[in-house]
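Engineer: Quick one: the structure is below, questions incoming.
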Amino acid sequence: MKSIKKKLPSIFVLGVVTLLLTGCDGNVTRDIRHAGFNLASNEFTCNALMPVSDKIDSPDKILFTNSSFAITENGSLYELSLSQPYASEENCKKIDFSIKITAYMDDKILKGEDNKFYYAPGNSSSTALTEVTANDSSYQLYTILLGNEKVKKVITVDANAGRYYVLEDDGIVYEYKVVRQDYNTPYTLTSKTPVYGEKYGEIIDFNYAGESTSTYIKTKTAIYRMQTTNAKECTMYADVKCQYKMKKDETLTKYYQNKILYYGPNLLITTYGKEFTIN
């Protein structure tokens, strides 16, 4: 009887702590929903990429994902299944690829630490993780955009006009203008102009999708994204166009360091496994 009484306080404390943590996570979920995100029915589990505890960070973190594969900060690749788990009961599976990824273009081309280019997983036109050779008609373009060791990420803005947004290791996003006179002449980098610069701080990730909420900037301490400045009017009237402005998202920034596992163009995952999509 005495042993039971001794255990009761411990059980009570554990229950209170669990309740408090659950309540805190519930507040985070509510705030993220109010910021314009839809809560998905699925939950994300991946021991390799999630925090060990509230005080111990994950051994590696997601740098980019298109929901089918992920690149981590350490340059590793993972296959993802967000809608249902693998046999391991987790939503991630490490891809057996020995070369670390140092840069990437859209979700199609990867650059390895060996300075070679590889087709990304999910690329329907080529075998995943095979080397891109000079036989590829865009090989020279990849060389110009990804060849510089300063380049970390490339987003195609308008391929026909030769416009690409490029994140370099100085934390600035530049617009590269790459053109050629015809199919028989080589590509040439004709201009390089800062697009998102020092006023945001050191940029570590970005996405560009025109004037839409999928366009964002991430620094080490904050998240900025395109937000509508006339949301009420442009959703109410058919002849009012939505106006967008890049603004600091106060809600996402508040939870950026300790509750957001990953934020990308169309997906947000929390450290406690909740998945959200952008409205």
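Every number here is computed from the coordinates shown, using simple stated rules; none is lab data. Worth saying up front: this structure is predicted, and the values here are computed from it rather than measured. Here the Cβ is made from the backbone with ideal geometry for all residues, glycine too, and neighbour counts use every protein chain on show.
Engineer: If you put +1 on each Lys and Arg Cβ and -1 on each Asp and Glu Cβ, how big is the dipole of the chain around its Cα centre, in Debye rounded to 20?
Structural biologist: 1080 debye
Engineer: Hey, could you get me the Stokes-Einstein D for the chain, Kirkwood radius over alpha-carbon pairs, 25 °C and 0.890 mPa s, rounded to whole µm² s⁻¹?
Structural biologist: 117 µm²/s
Engineer: Here's another thing I want to ask about it. So what are the ³J(HN,Hα) numbers for the stretch 79-94, from phi and the Karplus equation (6.51, -1.76, 1.60; θ = phi - 60°), rounded to whole Hz, Gly and Pro as x?
Structural biologist: Listing the rounded values in order: 8, 10, 9, 7, 7, 7, x, 7, 4, 6, 6, 10, 9, 10, 8, 5 Hz.
Engineer: Let me ask another. For the stretch 100-112, in order, what is each residue's ³J(HN,Hα) by Karplus, 6.51 cos²θ - 1.76 cosθ + 1.60 with θ = phi - 60°, in whole Hz (x at glycine and Pro)?
Structural biologist: Result, ordered by residue: 6, 8, 10, 7, 7, 10, 6, 10, 10, 10, 10, 10, x Hz.
Engineer: Let me ask something else about it. Below 8 Å, C-alpha to C-alpha, sequence gap of six or more: please give me the relative contact order for the chain in percent.
Structural biologist: 14 percent
Engineer: Could you bin all the Cα-Cα distances of the stretch 208-267 into 10 Å bins starting at 0 and give me the percent of pairs in each, rounded to whole numbers?
Structural biologist: Result returned by the calculation: 23, 45, 25, 7, 0.
Engineer: Angle between the Cα long axis of helix 2-34 and the longest principal axis of the chain, 0 to 90 degrees, nearest 10?
Structural biologist: Tilt relative to the chain: about 30 degrees.
Engineer: Given a Förster distance of 30 angstrom, what is the FRET efficiency for Lys116 paired with Ala159, based on the Cβ-Cβ distance and rounded to 0.05?
Structural biologist: Calculated value: 0.85.
Engineer: Along the Cα-to-C-beta direction of Cys242, a point sits 7 Å from the Cα; which residues of the stretch 263-279 have their amide N less than 12 Å from that point?
Structural biologist: From the stretch 263-279, the list is 278-279.
Engineer: Now, a different point. For the stretch 132-279, what is the convex hull volume of the alpha-carbon atoms per residue, in Å³?
Structural biologist: Convex hull of Cα atoms, per residue: 157 Å³.
Engineer: Multiply the residue gap between Glu43 and Asn27 by 0.36 nm, knock off their C-alpha separation, and tell me the result in nm, one decimal place.
Structural biologist: My answer for the length gained is 4.1 nm.
Engineer: Right, here's the next one. Local charge sum around Ala48 (other residues, Cβ-Cβ under 9 Å, Lys/Arg +1, Asp/Glu -1)?
Structural biologist: Within the 9 Å Cβ shell, the charges total -1.
Engineer: Okay, next question. Based only on Cα atoms, what mean projected area does the convex hull of the stretch 34-120 have, in nm²?
Structural biologist: 7.2 nm²
Engineer: I want to verify the translational diffusion coefficient of the stretch 190-231 in µm²/s; compute it with Stokes-Einstein, Rh as the Kirkwood radius over Cα pairs, at 4 °C and 1.567 mPa s.
Structural biologist: The diffusion coefficient I find is 114 µm²/s.
Engineer: What is the sum of charges around Phe117, taking Lys and Arg as +1, Asp and Glu as -1, for the other residues whose C-beta is under 15 Å from the C-beta of Phe117?
Structural biologist: Once all neighbours under 15 Å are counted, the net charge is -1.
Engineer: Taking θ as phi - 60°, what are the ³J(HN,Hα) couplings along the stretch 187-199 by the Karplus curve (6.51, -1.76, 1.60), each to the nearest whole Hz, with x for Gly and Pro?
Structural biologist: 6, 9, 7, 9, 7, 9, 10, x, 10, 10, x, 5, 5
Engineer: Report the relative contact order of the stretch 212-279, percent, no decimals, based on alpha-carbon pairs under 8 angstrom and at least 6 residues apart.
Structural biologist: That works out to 27 percent.
Engineer: Quick check for you: which residues of the stretch 237-279 have the amide N under 14 Å from the point 7 Å beyond the Cα of Asn230 toward its beta carbon?
Structural biologist: Counting backbone N atoms under 14 Å from the label point, the list is 237-245.
Engineer: If each residue's Cβ is checked for other Cβ atoms within 10 Å, how do Lys248, Lys218 rank with the fewest at the top?
Structural biologist: Lys248, Lys218
Engineer: Using the Cα centre of the chain as origin and beta-carbon charges of +1 (Lys, Arg) and -1 (Asp, Glu), tell me which of Thr45, Leu77, Gly171 is placed farthest towards the positive end of the dipole.
Structural biologist: Farthest along the dipole direction, towards plus: Thr45.
Engineer: Right, next: Please list, ordered by chain and number, the residues whose modelled amide H lies under 5 Å from the amide H of Tyr104; skip anything fewer than 5 residues away on the same chain.
Structural biologist: It is Lys111, Lys153, Val154, by chain and number.
Engineer: A further question on this structure: Quick one: which residues, 5+ away or cross-chain, put their amide H under 5 Å from the amide H of Val195? H built at 1.01 Å from N.
Structural biologist: Amide H neighbours of Val195: Val173, Tyr174, Glu175.
Engineer: Cross-link candidates for Lys274: which aspartates and glutamates have Cα within less than 12 Å, leaving aside residues fewer than 8 places away along the same chain?
Structural biologist: Excluding near neighbours in sequence, the set is Asp25, Glu43.
Engineer: Could you name the lysines whose alpha carbon sits less than 17 Å from that of Lys116, not counting residues in the same chain fewer than 8 places away?
Structural biologist: Candidates past the 8-residue exclusion: Lys100, Lys108, Lys150, Lys152, Lys153.
Engineer: Let me know the charge dipole size of the stretch 116-267 about its Cα centre in debye, to the nearest 20, where only the beta-carbon of Lys, Arg (+1) and Asp, Glu (-1) is charged.
Structural biologist: I would put it at about 420 debye.
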